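This report refers to the structure that appears directly beneath it.
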Amino acid sequence: MKAVFDDRQRLHDPQHFMANGKTYPSPESPERIARLMAGAQAAGCRFHAPEDAGLGPIAAIHSADYLHFLQTIYPRWLRIPDAGPEVIPNIHPATRTDNYPKSAIGQAGYHQADTACPIGAQTWEAAYWSAQSAITGADLVAGGARAVYVLARPPGHHAFADLAGGFCFLNNSAIAAERLRTGGLRPAILDIDVHHGNGTQGIFYTREDVLTLSLHADPDRFYPFFWGGAQERGEGRGLGFNLNLPLSRGTGDTEYLAALASALARIRAFGADVVVVALGLDAHVDDPFQGLAVTTQGFHAIASEIAELGLPLVLVQEGGYVSDALSDNLTAFLKGVA
């Protein structure tokens with residue numbers, strides 16, 4: 001199986017992660033790359049650098065204001081007297097229709113949903129090449145590859161059209177799906193990360209041309225809290241084209257596979273001819289976030305069931321954090337696809 005990754009994706013190295021009123025080292029560290037790459041290579045993947053498709057495919061998903069913010073905010077932030085080393089918001093608008101401020105502090109609050117997406121000097125470059133890796137993965141599948149693994153880091157599924165959050169800046173899975181759609185295909189995005197893919201849902205919520213599905217820990221007591229309920233089905237033309245399958249904390253392989261069967265049935269009913277898998281491995285029982293209890297063998301079974309669709313797959317890495325099992329989980333999944 002071909003795999004895509006660019007070394008510039010290592011450049012984003014966030015130093016702060018605030019949770020429960022305390023600051024910790026970020027779980028979304030460059031160390032993830034080494035472990036994921038080892039897992040992919042153990043499954044027989046051959047890594048290739050992405051092509052540079054330019055800003056167009058990214059701008060097809062993200063707003064111009066937001067992309068300008070990501071590209072310029074860090075030097076502007078440093079002009080603030082006694083500014084911290086990373087862009088971290090401390091105030092947020094009540095609604096998206098409130099004033100759009102000129103202040104760097106105000107714009108950080110407008111474009112960053114939480115404290116888990118600090119922006120450093122090289123965040124934009126890393127996120128850009130993560131997105132380009134997803135675009136190349138989509139192009140390889142559109143060109144006839146049956147499955148391609150994209151080591152997308154930083155990840156993307158919490159990023160809305162104009163809002164970063166949850167370690168994510170550019171929505172790699174959404175960008176890949178839109179690339180496939182504009183190429184004449186009918187994509188579904190299947191998100192198996194332990195956290196709800198709220199950014200992906202938001203991007204396509206009023207659209208009927210991309211089916212979005214997410215299996216995740218119930219958000220009533222788990223990030224992202226405000227999105228991911230089963231009642232969220234889409235709006236307007238998009239009504240019925242979004243499926244959320246929230247799962248109880250601690251859900252294991254058997255119950256997970258039962259929910260996955262519902263998602264796969266919806267993909268078949270949609271008539272998808274390609275699937276973007278937002279591949280979170282953080283549903284594992286030993287992942288630091290402790291949301292679900294899928295085993296390594298469970299990831300193999302999940303992948304095998306997805307492969308039974310018989311559709312081309314773009315496998316875009318989302319979550320999955322540093323643990324002794326991370327590499328093995330990816331190997332098991334990719335072998336299940338194969």
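Each value in this text was obtained by applying a stated rule to the coordinates, not by laboratory testing. All values derive from a computational prediction rather than experimental measurement. Cβ coordinates were reconstructed from backbone atoms using ideal geometry, including for glycine residues, and neighbour counts include every protein chain displayed.
Data for the structure
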read-out: Residue check, ASP191 under 18 Å from VAL150 (Cβ atoms) and of a type in the set (Asp, Glu); value: yes
read-out: Residue within the range 8-18 that is out of contact with any Phe, Trp or Tyr (no Cβ under 9 Å at 6 or more places or on another chain), part of a loop (DSSP other than H, G, I, E, B), touching a residue at least 40 places away in the same chain (Cβ under 8 Å) and not charged (D, E, K, R) present; value: yes
read-out: Residue in the range 158-168 that is among the acidic types (Asp, Glu), under 24 Å from ILE80 (Cα atoms) and in a loop (DSSP other than H, G, I, E, B) present; value: yes
read-out: Within the range 267-276, considering residues that are buried (at least 18 other Cβ atoms within 10 Å of the Cβ) and assigned to a helix (DSSP H, G or I), the one farthest from the chain's Cα centre (by Cα); value: PHE270
read-out: Residue selected from the range 301-338 under the condition of a type in the set (Asp, Glu) and part of a helix (DSSP H, G or I), by the criterion nearest to ARG153 (Cα to Cα); value: ASP328
read-out: Residue list for the range 30-78, filter: assigned to a helix (DSSP H, G or I), free of Cβ contacts under 8 Å to residues at least 40 places away in the same chain and over 19 Å from the mean Cα position of the chain (by Cα); value: GLN41, GLY56, ALA64, HIS68, THR72, PRO75, ARG76, LEU78
read-out: Some residue of the range 10-27 being over 20 Å from the mean Cα position of the chain (by Cα), small (Gly, Ala, Ser) and at positive phi; value: yes
